[in-house]
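No lab work stands behind these numbers, since they all come straight from the coordinates. Note that this is a predicted model, so its numbers are computed, not measured. All Cβ positions, glycine included, derive from the backbone under ideal geometry; neighbour counts span all protein chains shown.
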C-alpha cells in the first residue's frame with residue numbers, strides 16, 4: 001500500500017505510494033478489514049503525511065480521524081478526503097468497516113483534476129451525503145472496488161483506463177455534491193478566490209492584508225468582506241490560519257528549530273514567530289511540538305485553547 005520514509009523519533013512519517021505487484025501502480029482500493037489485516041493496530045495511530053490522495057468512507061461504525069490537526073468524526077454516509085501534503089492521524093479501526101481508496105495525483109485526467117479541485121489546498125476534508133446522492137456514491141464505490149478486485153481477463157492497460165474513469169465519476173460527485181461547508185462555498189466569489197490563490201503563493205513572505213489588497217487592486221476592506229462571506233473569517237484571520245497551519249506542519253514534521261521555522265515563514269526572528277504562534281494557538285512552538293509527540297505516542301490529538 002505505502003512506503004514509509006521514517007524521520008527522527010516523534011516526527012510525522014512521509015508515506016509514498018507503492019501498490020502491490022500485478023495491479024495498476026497509481027491506484028488501490030481496499031476494505032478497512034484488509035487494511036487492518038495488513039497493518040494491524042501498530043503504527044496507524046501515529047501522524048503521517050501521504051504524498052497521494054486518500055478517500056475514506058464507512059459502512060459500519062464510527063471513526064475519529066485527524067487531518068491537519070483538526071479532528072473529524074466519520075459515520076456511514078460521510079467521506080473523508082485527505083490530500084497530498086496534509087497530515088493525518090488514524091483513529092481506532094478495530095470496530096469499523098468501510099472502503100479506502102488511494103490514488104496518485106497524476107492518475108486522473110487533467111480535466112477531471114481541475115473540475116474536482118484535486119490541487120485545491122482549501123478544499124473541504126469531510127463530505128456528507130444522503131438519499132439518492134448517497135446511493136449513487138455507494139454504487140460508484142462498489143463498481144470501482146469490483147473492477148479493482150476482479151479484473152478477470154482484462155489487460156492491465158484496459159483495467160487502468162476503467163479504474164481511471166470510475167474514479168473520476170466518484171471524485172466529481174464528491175467534489176460537487178457533498179462538501180461540508182458553513183455559509184457560501186469557498187471560492188464562489190472571484191475576489192476571494194484571487195485572494196486565496198495569492199495567499200497560497202506568498203504566505204511565507206507576505207503577512208499583511210494591505211499588501212495583498214494592493215497587489216490585487218482591491219481595498220483591504222473589500223478583501224476582508226469577501227473572505228468573511230466565503231470562509232467565515234476576516235482577511236487577517238484567513239492569512240493567520242494559513243501561516244499557522246504551515247508552522248504546525250513544519251514543527252511536527254521536520255527537525256527544524258523554531259528559528260528555522262520562523263525564517264521559512266518570513267518572520268524576522270524566532271521571538272516574533274513564537275509570540276505570533278502563541279497568540280493564535282495558546283502554545284509556544286516548543287510546547288506544540290512536545291505535545292504532538294506525546295499525543296502521537298498515546299493516540300490522542302494536541303489540545304489547544
Quiz item: Ranking 200, 28 by Cβ neighbours within 10 Å, fewest first, what do you get?
Solution: 200, 28
Quiz item: For labels at residue 145 and residue 119 in the simple 7 Å Cα→Cβ model, what's the distance in nm?
Solution: 3.2
Quiz prompt | region 190-298 - Debye-derived log10 I(q)/I(0), Cα point model, q = 0.14, 0.20, 0.22 Å⁻¹ | solution = -0.59, -0.99, -1.10
Quiz item: Any idea how far the Cα center of region 110-134 sits from the one of region 190-257, in Å?
Solution: 22
Self-check item: Efficiency of FRET from Cβ geometry, residue 284 and residue 51, R₀ 25 Å, rounded to 0.05
Solution: 0.25
Quiz prompt | Taking region 190-298 and dividing mean pair separation by its residue count, relative contact order in percent (alpha carbons under 8 Å, at least six apart) | solution = 20
Quiz prompt | Packing-based exposure ordering (other Cβ within 10 Å, fewest first) of 190, 210, 68 | solution = 190, 210, 68
Practice problem: Over all alpha-carbon pairs of region 120-236, lay out the pair-distance distribution in 5 Å bins, whole %, shortest bin first. | Solution: 2, 10, 16, 14, 12, 10, 10, 9, 8, 6, 3, 1, 0
Quiz item: Quick one: if you stick a label point 7 Å off each Cα along the C-beta vector at residue 33 and residue 62, how many nm between them?
Solution: 2.3
Quiz item: Using 0.36 nm per residue, how much length does the chain from residue 219 to residue 92 gain when fully extended, once their Cα-Cα distance is taken away?
Solution: 41.0 nm
Quiz prompt | Added length on full extension, which subtracts the Cα-Cα distance from 0.36 nm per residue, residue 208 to residue 159 | solution = 12.7 nm
Self-check item: Rounded, prolate or oblate (a/c below 1.5 giving rounded, otherwise prolate when a/b exceeds b/c) for region 211-252 by Cα gyration tensor
Solution: oblate
Quiz prompt | Residues residue 25 and residue 233, FRET efficiency given R0 of 45 Å [Cβ-Cβ distance, rounded to 0.05] | solution = 0.65
Self-check item: Residue order, fewest to most beta carbons within 10 Å, for 177, 35
Solution: 177, 35
